[in-house]
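See structure below.
The values are calculated or read from the model by the stated rules, or taken from the named source; none is laboratory data. Since this is a predicted model, take the numbers as computed values, not measurements. When we count neighbours, we look across all protein chains shown, and the Cβ atoms used for this are built from the backbone with ideal geometry, even at glycine. To get the accessible areas, we keep the full protein, side chains included, count just its heavy atoms, and leave off ligands, DNA and RNA. Shrake-Rupley method; radii C 1.70, N 1.55, O 1.52, S 1.80 Å.
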Amino acid sequence: MTLRVPEVRRFADKEAVSRAAADEFARAARAATAARGRFTVALSGGSTPKRLYELLTGAPWRDVVDWGAVEIFFGDERRVPPDDPDSNYHMANQAMLEALPIPASRIHRMETERPNLDVAALGYEATLSRVFGVPAGSATPPCFDLVFLGLGPDGHTASLFPHTAALRETRRWCVPNWVPQKETHRMTLTYPVLNHAAEVIFLVAGEDKAAPLAEVLEGASDPERLPSQRIRPVDGKLVFLIDSAAAAKLARF
Ligand code: 6PG
């Protein structure tokens, strides 16, 4: 198991982080499409990636990606309908998906509006199994070409929140997760999938991320309290694209 040291790239501001992320998206998409005829990516939610998604709908990035070969997944989703302002799908759809020629059959939304969230999570696993051609329940999870993640002020990523049950999932690829801190259920990809990706990119910007980022990258290992620490792709690349505000408390970067 070759755990690599994270690659940390620091930029002046969030716009520069977003442009660098768009470059990475285009690079990874072109490489995967050339090698395997398609590009599988999991989008992160929250607010940070919105600018990245907006940039991808314009030049130069729009023109260099074969959007018909892109398979869009999500790292996590809130327990809201797809047209809810809090929905990660809604944010990505408005910022990017509805403006790009991606076949609807290749946009895989987490259906968290369904009555039974566990059935919905199993359905998402079935979609992962079908698209990646990996039997559900297989010990070898799907391997995303690229996963985008964010970092919460409490050190969470996707919907892997501190001290929640999903942190301890070692077999399933997608699970519901009760988040007492927010008194809500979420759905999230799990460490087995996230740590099997070919590349994971954290987008971290803003001064409210300086403290958690310093703890995650330079603090003592405490992944129950800082779930982002346990994102360590087994054979993949781990990249942090950060702005100066988020880097303010780092000693080494
Ligand atoms: C979510 C995200 C979550 C997000 C972080 C950072 O559903 O909220 O998936 O993991 O990436 O909370 O969010 P911001 O980018 O809004 O700070």
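For the reader, a short list of remarks on this structure follows.
- Within region 27-58, being out of contact with any Pro (no Cβ under 8 Å at 6 or more places or on another chain) and hydrophobic (A, V, I, L, M, F, W, C) holds for ALA28, ALA29, ALA31, ALA32, ALA34, ALA35, PHE39, VAL41, ALA42, LEU52, LEU55, LEU56.
- Flag for ALA136 being open to solvent by 60 Å² or more (accessible area, probe 1.4 Å), modelled with pLDDT under 95 and more than 18 Å from the chain's Cα centre (by Cα): yes
- Scan region 162-179 for residues that are farther than 15 Å from TYR124 by Cα and in contact with a His (Cβ under 8 Å, 6 or more places away or on another chain) and the total you get is 3.
- Residue ranges of helices (runs of 4 or more DSSP H) in region 30-126 with at least 3 members within 16 Å of the ligand (Cβ to nearest atom) and open to solvent by 10 Å² or more (accessible area, probe 1.4 Å): 50-56, 88-95
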